[in-house]
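Note sheet for the following structure.
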Amino acid sequence: MSNSVRTESTSGSRLANYLPDRHTFSNSITAYLFCTTGPLAILVAAGQAGGLTEHDLSSWIFGGYGIAGFITLWICWRYRQPLVIAWTIPGALLLPPALTHLSFAEVIGAYWVTGIVIAILGWSGLIGRVMRAIPMPIVMGMVAGVFLPLGIQVVTAFTDNALLSGATLFVFLFFTLVPTLARYIPPVLAAIIAGGITAWAIGAMAPIPETTRLFARPTVYMPEFSIQAMLELVIPLMVTVLGIQNAQGIAILKNAGYEAPVKTITTTTGWGSILLALTGSVPACLTGPVNGIIVSGGDPKKHWLGAMVVGLLMIVFALFAPMATAFALALPLSLIGLIGGLAMMRVLQTTFQTAFRGECPLGALVAFVVSVAGVPIFNIGAPFWGLVFAFIASWLLERDSLRRLMNQSAA
(Lines give C-alpha, C1' and ligand atoms only; values in the text may rest on other atoms or scores of the structure.)
Protein backbone atom coordinates (compact mmCIF):
# COMPACT_ATOMS: atom_id res chain seq x y z
CA MET A 1 0.00 0.00 0.00
CA SER A 2 2.78 2.42 0.90
CA ASN A 3 4.64 1.68 -2.34
CA SER A 4 1.48 2.44 -4.32
CA VAL A 5 0.97 5.71 -2.49
CA ARG A 6 4.62 6.61 -2.99
CA THR A 7 4.36 5.87 -6.73
CA GLU A 8 1.25 8.00 -7.10
CA SER A 9 2.92 10.82 -5.16
CA THR A 10 6.01 10.63 -7.38
CA SER A 11 3.88 10.68 -10.53
CA GLY A 12 1.95 13.68 -9.24
CA SER A 13 5.20 15.47 -8.42
CA ARG A 14 6.54 14.83 -11.93
CA LEU A 15 3.32 16.11 -13.46
CA ALA A 16 3.48 19.26 -11.32
CA ASN A 17 6.95 19.97 -12.71
CA TYR A 18 5.39 20.33 -16.16
CA LEU A 19 2.47 22.55 -15.17
CA PRO A 20 2.83 26.35 -14.94
CA ASP A 21 1.94 28.03 -11.66
CA ARG A 22 -1.15 30.26 -11.50
CA HIS A 23 0.75 33.52 -11.99
CA THR A 24 2.69 32.20 -14.96
CA PHE A 25 -0.48 30.77 -16.48
CA SER A 26 -2.37 34.06 -16.12
CA ASN A 27 0.56 35.93 -17.68
CA SER A 28 0.52 33.39 -20.52
CA ILE A 29 -3.16 34.08 -21.19
CA THR A 30 -2.46 37.82 -21.17
CA ALA A 31 0.49 37.34 -23.54
CA TYR A 32 -1.65 35.21 -25.86
CA LEU A 33 -4.46 37.79 -25.91
CA PHE A 34 -1.88 40.49 -26.57
CA CYS A 35 -0.35 38.71 -29.57
CA THR A 36 -3.73 37.80 -31.10
CA THR A 37 -5.46 41.17 -30.79
CA GLY A 38 -3.36 44.30 -31.31
CA PRO A 39 -0.83 42.63 -33.65
CA LEU A 40 -3.69 40.90 -35.44
CA ALA A 41 -5.30 44.27 -36.13
CA ILE A 42 -1.96 45.49 -37.52
CA LEU A 43 -1.73 42.36 -39.70
CA VAL A 44 -5.21 42.87 -41.11
CA ALA A 45 -4.67 46.60 -41.68
CA ALA A 46 -1.29 46.07 -43.38
CA GLY A 47 -2.64 43.27 -45.55
CA GLN A 48 -5.70 45.21 -46.62
CA ALA A 49 -3.59 48.30 -47.37
CA GLY A 50 -1.35 46.10 -49.54
CA GLY A 51 -4.32 44.69 -51.45
CA LEU A 52 -4.22 41.16 -50.02
CA THR A 53 -7.42 39.13 -50.08
CA GLU A 54 -9.18 37.63 -47.07
CA HIS A 55 -7.82 34.24 -48.14
CA ASP A 56 -4.28 35.65 -48.18
CA LEU A 57 -4.75 37.07 -44.69
CA SER A 58 -6.16 33.80 -43.35
CA SER A 59 -3.15 31.94 -44.76
CA TRP A 60 -0.78 34.50 -43.23
CA ILE A 61 -2.47 34.06 -39.85
CA PHE A 62 -2.16 30.27 -40.16
CA GLY A 63 1.58 30.46 -40.75
CA GLY A 64 2.38 33.46 -38.58
CA TYR A 65 0.74 31.86 -35.56
CA GLY A 66 0.54 28.12 -36.28
CA ILE A 67 4.00 27.41 -37.67
CA ALA A 68 5.49 29.91 -35.21
CA GLY A 69 3.65 28.09 -32.42
CA PHE A 70 5.31 24.78 -33.32
CA ILE A 71 8.71 26.50 -33.46
CA THR A 72 8.01 28.01 -30.03
CA LEU A 73 7.20 24.59 -28.57
CA TRP A 74 10.43 23.11 -29.95
CA ILE A 75 12.81 25.86 -28.82
CA CYS A 76 11.21 26.27 -25.37
CA TRP A 77 11.40 22.51 -24.74
CA ARG A 78 14.98 22.39 -26.03
CA TYR A 79 16.32 25.22 -23.83
CA ARG A 80 13.78 25.35 -20.97
CA GLN A 81 13.49 29.12 -21.46
CA PRO A 82 10.57 31.40 -22.46
CA LEU A 83 11.38 31.84 -26.16
CA VAL A 84 8.14 32.69 -27.96
CA ILE A 85 8.65 33.01 -31.73
CA ALA A 86 6.15 34.92 -33.87
CA TRP A 87 5.96 37.10 -36.97
CA THR A 88 7.56 40.56 -36.98
CA ILE A 89 5.15 43.49 -36.63
CA PRO A 90 7.55 46.17 -38.01
CA GLY A 91 8.19 43.87 -40.95
CA ALA A 92 4.47 43.81 -41.69
CA LEU A 93 4.45 47.59 -41.94
CA LEU A 94 6.89 47.38 -44.85
CA LEU A 95 4.37 45.39 -46.87
CA PRO A 96 1.82 48.02 -48.08
CA PRO A 97 4.31 50.39 -49.78
CA ALA A 98 6.21 47.44 -51.30
CA LEU A 99 3.07 45.95 -52.86
CA THR A 100 2.36 49.17 -54.76
CA HIS A 101 5.07 48.19 -57.27
CA LEU A 102 6.07 44.60 -56.40
CA SER A 103 4.09 41.40 -56.76
CA PHE A 104 3.27 39.35 -53.67
CA ALA A 105 5.50 36.55 -55.04
CA GLU A 106 8.44 39.00 -55.28
CA VAL A 107 7.86 40.12 -51.68
CA ILE A 108 7.81 36.47 -50.56
CA GLY A 109 11.08 35.95 -52.43
CA ALA A 110 12.58 38.75 -50.33
CA TYR A 111 11.30 36.94 -47.22
CA TRP A 112 13.18 33.80 -48.34
CA VAL A 113 16.45 35.64 -48.90
CA THR A 114 16.08 37.44 -45.55
CA GLY A 115 15.59 34.12 -43.77
CA ILE A 116 18.60 32.53 -45.48
CA VAL A 117 20.93 35.43 -44.60
CA ILE A 118 19.71 35.53 -40.97
CA ALA A 119 20.23 31.77 -40.63
CA ILE A 120 23.79 32.11 -41.97
CA LEU A 121 24.55 34.91 -39.50
CA GLY A 122 23.29 32.73 -36.66
CA TRP A 123 25.08 29.57 -37.82
CA SER A 124 28.39 31.42 -38.22
CA GLY A 125 28.19 32.90 -34.72
CA LEU A 126 28.72 36.47 -35.96
CA ILE A 127 25.43 37.64 -34.47
CA GLY A 128 26.57 36.65 -30.98
CA ARG A 129 29.60 38.90 -31.23
CA VAL A 130 27.45 41.80 -32.41
CA MET A 131 24.94 41.37 -29.58
CA ARG A 132 27.69 41.23 -26.95
CA ALA A 133 29.19 44.44 -28.33
CA ILE A 134 26.01 46.49 -27.77
CA PRO A 135 25.96 48.01 -24.24
CA MET A 136 23.02 46.75 -22.18
CA PRO A 137 21.90 50.21 -20.87
CA ILE A 138 21.56 51.44 -24.47
CA VAL A 139 19.60 48.34 -25.49
CA MET A 140 17.31 48.65 -22.48
CA GLY A 141 16.79 52.35 -23.25
CA MET A 142 15.55 51.27 -26.68
CA VAL A 143 13.34 48.57 -25.14
CA ALA A 144 11.87 51.08 -22.67
CA GLY A 145 11.03 53.38 -25.56
CA VAL A 146 9.32 50.58 -27.49
CA PHE A 147 7.34 49.37 -24.47
CA LEU A 148 6.34 52.80 -23.13
CA PRO A 149 3.25 53.04 -25.41
CA LEU A 150 2.04 49.74 -23.91
CA GLY A 151 2.25 51.20 -20.42
CA ILE A 152 0.53 54.40 -21.52
CA GLN A 153 -2.48 52.35 -22.64
CA VAL A 154 -3.33 51.86 -18.96
CA VAL A 155 -4.27 55.56 -19.01
CA THR A 156 -5.56 55.98 -22.56
CA ALA A 157 -7.93 53.01 -22.17
CA PHE A 158 -10.13 55.24 -19.98
CA THR A 159 -10.73 57.62 -22.88
CA ASP A 160 -12.35 54.80 -24.85
CA ASN A 161 -14.51 53.20 -22.14
CA ALA A 162 -14.09 54.54 -18.62
CA LEU A 163 -16.55 52.09 -17.03
CA LEU A 164 -14.94 49.02 -18.54
CA SER A 165 -11.42 50.23 -17.78
CA GLY A 166 -12.34 51.33 -14.28
CA ALA A 167 -13.89 47.97 -13.37
CA THR A 168 -10.91 46.08 -14.77
CA LEU A 169 -8.36 48.27 -13.00
CA PHE A 170 -10.29 48.12 -9.71
CA VAL A 171 -10.28 44.32 -9.70
CA PHE A 172 -6.57 44.25 -10.58
CA LEU A 173 -5.69 46.60 -7.71
CA PHE A 174 -8.01 44.79 -5.28
CA PHE A 175 -6.37 41.42 -5.93
CA THR A 176 -2.92 43.03 -5.83
CA LEU A 177 -3.58 44.64 -2.43
CA VAL A 178 -5.08 41.47 -0.90
CA PRO A 179 -2.29 38.85 -0.94
CA THR A 180 -4.65 36.12 0.28
CA LEU A 181 -6.75 36.44 -2.88
CA ALA A 182 -3.69 36.84 -5.11
CA ARG A 183 -2.39 33.43 -4.00
CA TYR A 184 -5.46 31.78 -5.55
CA ILE A 185 -6.20 34.08 -8.51
CA PRO A 186 -3.35 36.26 -9.87
CA PRO A 187 -4.33 39.94 -10.31
CA VAL A 188 -3.84 39.88 -14.09
CA LEU A 189 -6.07 36.81 -14.50
CA ALA A 190 -8.70 38.40 -12.22
CA ALA A 191 -8.55 41.56 -14.36
CA ILE A 192 -9.03 39.50 -17.55
CA ILE A 193 -12.11 37.78 -16.10
CA ALA A 194 -13.56 41.01 -14.73
CA GLY A 195 -12.91 42.86 -17.99
CA GLY A 196 -14.52 40.13 -20.10
CA ILE A 197 -17.62 39.95 -17.89
CA THR A 198 -17.95 43.74 -17.81
CA ALA A 199 -17.52 44.03 -21.59
CA TRP A 200 -20.23 41.43 -22.13
CA ALA A 201 -22.57 43.03 -19.57
CA ILE A 202 -22.37 46.54 -21.03
CA GLY A 203 -22.49 45.35 -24.65
CA ALA A 204 -18.93 46.42 -25.47
CA MET A 205 -18.13 43.18 -27.29
CA ALA A 206 -18.67 43.22 -31.02
CA PRO A 207 -20.88 40.47 -32.53
CA ILE A 208 -19.18 37.61 -34.38
CA PRO A 209 -20.38 37.49 -38.02
CA GLU A 210 -22.54 34.44 -38.79
CA THR A 211 -20.66 33.85 -42.05
CA THR A 212 -17.34 33.32 -40.26
CA ARG A 213 -15.67 30.04 -41.26
CA LEU A 214 -14.50 27.64 -38.57
CA PHE A 215 -11.21 26.26 -39.96
CA ALA A 216 -8.33 27.96 -41.75
CA ARG A 217 -7.48 27.12 -45.35
CA PRO A 218 -3.80 27.96 -45.83
CA THR A 219 -2.18 28.38 -49.23
CA VAL A 220 1.41 27.53 -50.18
CA TYR A 221 3.01 30.51 -51.96
CA MET A 222 5.99 30.09 -54.26
CA PRO A 223 8.65 32.83 -54.22
CA GLU A 224 9.77 34.93 -57.14
CA PHE A 225 13.21 36.51 -56.88
CA SER A 226 13.83 40.01 -58.24
CA ILE A 227 16.71 42.44 -57.75
CA GLN A 228 14.35 45.30 -56.94
CA ALA A 229 12.64 43.39 -54.12
CA MET A 230 16.03 42.29 -52.71
CA LEU A 231 17.40 45.83 -52.66
CA GLU A 232 14.26 47.32 -51.16
CA LEU A 233 13.26 44.76 -48.53
CA VAL A 234 16.05 42.41 -47.44
CA ILE A 235 18.16 44.86 -45.41
CA PRO A 236 15.18 46.56 -43.68
CA LEU A 237 13.71 43.15 -42.83
CA MET A 238 17.05 41.90 -41.48
CA VAL A 239 17.44 44.98 -39.31
CA THR A 240 13.85 44.62 -38.13
CA VAL A 241 14.34 41.00 -37.04
CA LEU A 242 17.88 41.24 -35.65
CA GLY A 243 18.29 44.85 -34.55
CA ILE A 244 14.78 45.50 -33.24
CA GLN A 245 12.75 42.38 -32.45
CA ASN A 246 15.40 39.83 -31.46
CA ALA A 247 17.44 42.49 -29.66
CA GLN A 248 14.39 43.39 -27.54
CA GLY A 249 13.58 39.79 -26.67
CA ILE A 250 17.17 38.85 -25.83
CA ALA A 251 17.60 41.97 -23.66
CA ILE A 252 14.38 41.24 -21.77
CA LEU A 253 15.42 37.64 -21.12
CA LYS A 254 18.89 38.68 -20.03
CA ASN A 255 17.43 41.26 -17.67
CA ALA A 256 15.21 38.52 -16.21
CA GLY A 257 18.24 36.35 -15.49
CA TYR A 258 18.28 34.11 -18.58
CA GLU A 259 21.28 33.37 -20.78
CA ALA A 260 19.40 33.40 -24.05
CA PRO A 261 20.94 31.16 -26.78
CA VAL A 262 21.60 33.99 -29.24
CA LYS A 263 23.08 31.78 -31.95
CA THR A 264 20.17 29.33 -31.90
CA ILE A 265 17.57 32.10 -31.71
CA THR A 266 19.07 33.78 -34.77
CA THR A 267 19.35 30.55 -36.74
CA THR A 268 15.82 29.53 -35.78
CA THR A 269 14.29 32.85 -36.81
CA GLY A 270 16.17 32.46 -40.11
CA TRP A 271 14.83 29.08 -41.16
CA GLY A 272 11.55 29.87 -39.42
CA SER A 273 11.16 32.89 -41.71
CA ILE A 274 11.34 30.58 -44.74
CA LEU A 275 8.66 28.31 -43.30
CA LEU A 276 6.40 31.27 -42.52
CA ALA A 277 6.96 32.64 -46.04
CA LEU A 278 5.43 29.47 -47.47
CA THR A 279 2.05 30.64 -46.15
CA GLY A 280 2.57 34.29 -47.09
CA SER A 281 3.69 35.50 -43.66
CA VAL A 282 6.38 38.07 -42.91
CA PRO A 283 9.62 36.80 -41.28
CA ALA A 284 9.82 35.21 -37.83
CA CYS A 285 11.39 36.81 -34.78
CA LEU A 286 11.81 36.45 -31.01
CA THR A 287 9.00 38.50 -29.51
CA GLY A 288 9.70 41.26 -27.01
CA PRO A 289 6.36 42.16 -25.39
CA VAL A 290 5.03 38.58 -25.25
CA ASN A 291 8.13 37.21 -23.54
CA GLY A 292 8.21 40.31 -21.35
CA ILE A 293 4.69 39.60 -20.10
CA ILE A 294 5.55 35.95 -19.40
CA VAL A 295 8.63 36.76 -17.28
CA SER A 296 6.91 39.59 -15.41
CA GLY A 297 5.75 37.29 -12.57
CA GLY A 298 5.33 33.77 -11.33
CA ASP A 299 7.95 31.09 -10.72
CA PRO A 300 10.98 31.70 -12.98
CA LYS A 301 11.46 27.92 -13.24
CA LYS A 302 8.01 27.70 -14.85
CA HIS A 303 8.33 30.59 -17.32
CA TRP A 304 9.27 28.23 -20.15
CA LEU A 305 6.06 26.30 -19.52
CA GLY A 306 4.13 29.56 -19.77
CA ALA A 307 5.77 30.20 -23.14
CA MET A 308 4.73 26.72 -24.26
CA VAL A 309 1.13 27.50 -23.23
CA VAL A 310 1.31 30.53 -25.53
CA GLY A 311 2.73 28.33 -28.31
CA LEU A 312 -0.09 25.80 -27.95
CA LEU A 313 -2.73 28.54 -27.96
CA MET A 314 -1.14 30.05 -31.06
CA ILE A 315 -1.49 26.70 -32.85
CA VAL A 316 -5.15 26.43 -31.84
CA PHE A 317 -5.67 30.02 -32.93
CA ALA A 318 -4.13 29.20 -36.31
CA LEU A 319 -6.25 26.09 -36.88
CA PHE A 320 -9.41 28.04 -36.14
CA ALA A 321 -8.00 31.25 -37.61
CA PRO A 322 -11.24 32.73 -39.02
CA MET A 323 -13.30 32.04 -35.89
CA ALA A 324 -10.47 32.83 -33.47
CA THR A 325 -9.78 36.09 -35.29
CA ALA A 326 -13.43 37.10 -35.10
CA PHE A 327 -13.56 36.34 -31.36
CA ALA A 328 -10.31 38.17 -30.60
CA LEU A 329 -11.46 41.22 -32.52
CA ALA A 330 -14.78 41.12 -30.66
CA LEU A 331 -12.99 42.12 -27.45
CA PRO A 332 -12.50 45.87 -27.06
CA LEU A 333 -8.94 46.77 -28.02
CA SER A 334 -8.83 49.19 -25.10
CA LEU A 335 -9.42 46.28 -22.72
CA ILE A 336 -6.56 44.27 -24.19
CA GLY A 337 -4.35 47.36 -24.14
CA LEU A 338 -5.19 48.00 -20.49
CA ILE A 339 -4.49 44.42 -19.39
CA GLY A 340 -1.30 44.24 -21.45
CA GLY A 341 -0.16 47.54 -19.96
CA LEU A 342 -0.82 46.32 -16.42
CA ALA A 343 1.14 43.14 -17.11
CA MET A 344 4.03 45.16 -18.57
CA MET A 345 4.40 47.62 -15.67
CA ARG A 346 7.02 45.56 -13.84
CA VAL A 347 8.90 45.01 -17.09
CA LEU A 348 8.90 48.74 -17.79
CA GLN A 349 10.18 49.38 -14.27
CA THR A 350 13.13 47.03 -14.67
CA THR A 351 14.00 48.33 -18.15
CA PHE A 352 14.14 51.92 -16.86
CA GLN A 353 16.26 50.85 -13.89
CA THR A 354 18.71 48.96 -16.07
CA ALA A 355 18.90 51.76 -18.62
CA PHE A 356 19.45 54.75 -16.34
CA ARG A 357 21.03 53.62 -13.08
CA GLY A 358 24.58 52.99 -14.32
CA GLU A 359 26.90 53.67 -17.22
CA CYS A 360 26.01 55.54 -20.45
CA PRO A 361 22.84 57.27 -19.17
CA LEU A 362 22.93 59.77 -22.07
CA GLY A 363 23.14 56.99 -24.64
CA ALA A 364 20.24 55.21 -22.95
CA LEU A 365 18.23 58.44 -23.03
CA VAL A 366 18.92 58.96 -26.75
CA ALA A 367 17.87 55.37 -27.49
CA PHE A 368 14.71 55.89 -25.46
CA VAL A 369 13.72 59.21 -27.07
CA VAL A 370 14.38 58.08 -30.65
CA SER A 371 12.45 54.84 -30.09
CA VAL A 372 9.49 56.68 -28.55
CA ALA A 373 9.45 59.10 -31.50
CA GLY A 374 8.94 56.15 -33.82
CA VAL A 375 10.15 57.90 -36.99
CA PRO A 376 11.55 55.39 -39.56
CA ILE A 377 14.52 56.30 -41.77
CA PHE A 378 15.08 54.53 -45.12
CA ASN A 379 12.17 52.20 -44.29
CA ILE A 380 14.05 51.00 -41.17
CA GLY A 381 12.24 51.29 -37.85
CA ALA A 382 13.08 53.88 -35.20
CA PRO A 383 14.32 51.39 -32.54
CA PHE A 384 17.28 50.46 -34.74
CA TRP A 385 18.18 54.11 -35.22
CA GLY A 386 17.79 54.59 -31.49
CA LEU A 387 20.64 52.11 -31.00
CA VAL A 388 22.76 53.75 -33.70
CA PHE A 389 22.32 57.34 -32.49
CA ALA A 390 22.71 56.30 -28.85
CA PHE A 391 26.02 54.58 -29.57
CA ILE A 392 27.24 57.69 -31.44
CA ALA A 393 26.15 59.97 -28.58
CA SER A 394 27.90 57.83 -25.99
CA TRP A 395 31.04 57.62 -28.11
CA LEU A 396 31.14 61.41 -28.48
CA LEU A 397 29.99 62.59 -25.05
CA GLU A 398 30.53 59.78 -22.52
CA ARG A 399 33.40 57.84 -24.03
CA ASP A 400 34.96 56.71 -20.74
CA SER A 401 31.65 55.28 -19.58
CA LEU A 402 31.16 53.51 -22.91
CA ARG A 403 34.70 52.10 -22.76
CA ARG A 404 34.08 50.65 -19.31
CA LEU A 405 30.90 48.96 -20.54
CA MET A 406 32.64 47.56 -23.61
CA ASN A 407 35.45 46.16 -21.45
CA GLN A 408 32.89 44.49 -19.18
CA SER A 409 31.18 42.92 -22.19
CA ALA A 410 34.50 41.68 -23.56
CA ALA A 411 35.37 40.15 -20.19
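The values are calculated or read from the model by the stated rules, or taken from the named source; none is laboratory data. Fair warning: this is a prediction, and the values are worked out from it, not measured in the lab. Please note: Cβ atoms are built from the backbone with ideal geometry, for glycine as well, and neighbour counts cover all protein chains shown. Accessible surface areas use protein heavy atoms only, side chains included; no ligands, DNA or RNA. Shrake-Rupley method; radii C 1.70, N 1.55, O 1.52, S 1.80 Å.
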Output the direction-averaged projected area (hull surface divided by four) of the convex hull of the alpha-carbon atoms of segment 179-249, in nm². 10.6
For the chain the mean separation of alpha carbon contacts under 8 Å (6+ apart) over residue count, i.e. relative contact order in percent, is 35
Given Cα pairs under 8 Å that are at least 6 residues apart, what percent is the relative contact order of segment 131-197? 25
Mean accessible area per residue over segment 114-218 (1.4 angstrom probe, all protein chains present, square angstrom) is 54
For segment 41-105, just say rounded, prolate or oblate: build the C-alpha gyration tensor, square-root its eigenvalues into a ≥ b ≥ c, call rounded for a/c under 1.5, and beyond that prolate if a/b exceeds b/c, oblate if not. prolate
Environment charge at GLY109 (Cβ cut-off 15 Å; Lys +1, Arg +1, Asp -1, Glu -1): -3
Which listed residue (CYS35, PHE158, TRP123) has the Cα farthest towards the positive end of the charge dipole for the chain, taking +1 on Lys and Arg C-beta and -1 on Asp and Glu C-beta about the Cα centre? TRP123
Sorted by packing (mean other beta-carbon atoms within 10 Å per residue), highest first, where do 310-316, 283-289, 143-149 land? 283-289, 143-149, 310-316
Can you give me the % of accessible surface on the chain that is carbon or sulfur? Probe 1.4 Å, all protein chains present, nothing else counted. 69
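Calculate the translational D of segment 111-200 in whole µm² s⁻¹ from Stokes-Einstein, where the hydrodynamic radius comes from the Kirkwood formula applied to all Cα pairs, the temperature is 4 °C and the viscosity 1.567 mPa s.
Working: Rh = 16.9 Å.
Here the translational diffusion coefficient equals 77 µm²/s.
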Taking θ = phi - 60°, what integer Hz values does the Karplus form 6.51 cos²θ - 1.76 cosθ + 1.60 yield along segment 355-371, in sequence order, with x for Gly and Pro? 6, 10, 9, x, 6, 6, x, 5, x, 4, 5, 4, 4, 5, 5, 5, 5
Candidate aspartates and glutamates - alpha carbon under 14 Å from LYS254, same-chain residues fewer than 8 apart omitted: none
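Compute the Cα gyration tensor for segment 29-79, then decide on rounded, prolate or oblate, letting a ≥ b ≥ c be the square roots of its eigenvalues: rounded whenever a/c is under 1.5, prolate when a/b is larger than b/c in the other cases, and oblate in all that remain. Show your work: numbers first, answer last.
Working: a/c = 3.51, a/b = 1.81, b/c = 1.95.
Here segment 29-79 falls in the oblate category.
For ILE42 and ASP400, FRET efficiency with R0 = 30 Å and r from the beta-carbon atoms, rounded to 0.05?
Values: r = 42 Å, r/R0 = 1.39.
The computed FRET efficiency comes out at 0.10.
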Positive-end extreme of charge dipole, the chain - chosen from MET406, PHE170, ALA68 (charges on Cβ): MET406
Can you list residues from other chains, or at least 5 along the same chain, whose modelled amide H is less than 5 Å from the amide H of ALA284? SER273
Can you give the percent of C-alpha pairs in segment 253-411 whose distance is more than 24 Å? 52
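Summing +1 for each Lys or Arg and -1 for each Asp or Glu, what net charge is found among the other residues whose Cβ lies under 15 Å from the Cβ of VAL295?
Details: positive: ARG80, LYS254, LYS301, LYS302, ARG346; negative: ASP21, GLU259, ASP299.
Every neighbour counted, the sum reads +2.
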What nm value, rounded to one decimal, do you get for the distance between MET222 and ALA206 when each label is placed 7 Å out toward the C-beta? 3.7
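Under a Cβ-Cβ cut-off of 11 Å, what is the net charge of the residues other than ARG404 that fall near it, where Lys and Arg count +1 and Asp and Glu count -1? Working shown, then result.
Details: positive: ARG399, ARG403; negative: GLU359, GLU398, ASP400.
Summing Lys and Arg as +1 and Asp and Glu as -1 gives -1.
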Which whole number in µm²/s is D for segment 257-341 by Stokes-Einstein, with the Kirkwood Rh taken over Cα pairs at 25 °C and 0.890 mPa s? 163
Full-extension gain between TYR184 and GLU259, please, as 0.36 nm times their residue separation minus the C-alpha to C-alpha distance. 23.9 nm
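I need the peptides 266-279, 100-113 ranked by packing, meaning the mean over residues of other C-beta atoms within 10 angstrom, with the highest value on top.
Numbers: 266-279: 24.0, 100-113: 19.5.
Ranking, from highest mean packing down: 266-279, 100-113.
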Length-normalised contact order for segment 127-251 - Cα pairs under 8 Å, 6+ apart - percent: 29
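Can you divide the C-alpha Rg of segment 124-253 by 2.2 N^0.38 Å and report the result to two decimal places? Before the final figure, lay out each step's value.
Values: Rg = 22.1 Å, N = 130, 2.2 N^0.38 = 14.0 Å.
Computed over Cα atoms of segment 124-253, the ratio equals 1.58.
Which of the three applies to segment 201-336, rounded, prolate or oblate, going by the alpha-carbon gyration tensor with a ≥ b ≥ c and a/c under 1.5 meaning rounded? Could you put the intermediate results ahead of the total?
Details: a/c = 2.02, a/b = 1.11, b/c = 1.82.
It comes out oblate by the Cα gyration axes.
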With +1 on the Cβ of every Lys and Arg and -1 on the Cβ of every Asp and Glu, the dipole magnitude of the chain about its Cα centre, in debye rounded to the nearest 20, is 1200
Student exercise, segment 191-269 dipole from Lys, Arg, Asp, Glu Cβ charges, in Debye to nearest 20: 180
When the helices in the chain are scored as -39500 (n - 2.57) per DSSP H run of 4 or longer and the sum is shared across all residues, what 222 nm value do you end up with, to the nearest 500 deg cm²/dmol? -22000 deg cm²/dmol
Using a Förster distance of 30 Å, how high is the FRET efficiency between LEU19 and LEU177, based on the Cβ-Cβ distance and rounded to 0.05? 0.65
Computed about the Cα centre, the charge dipole of segment 207-336 from +1 Lys/Arg and -1 Asp/Glu charges at the Cβ has a magnitude in debye, to the nearest 20, of 280
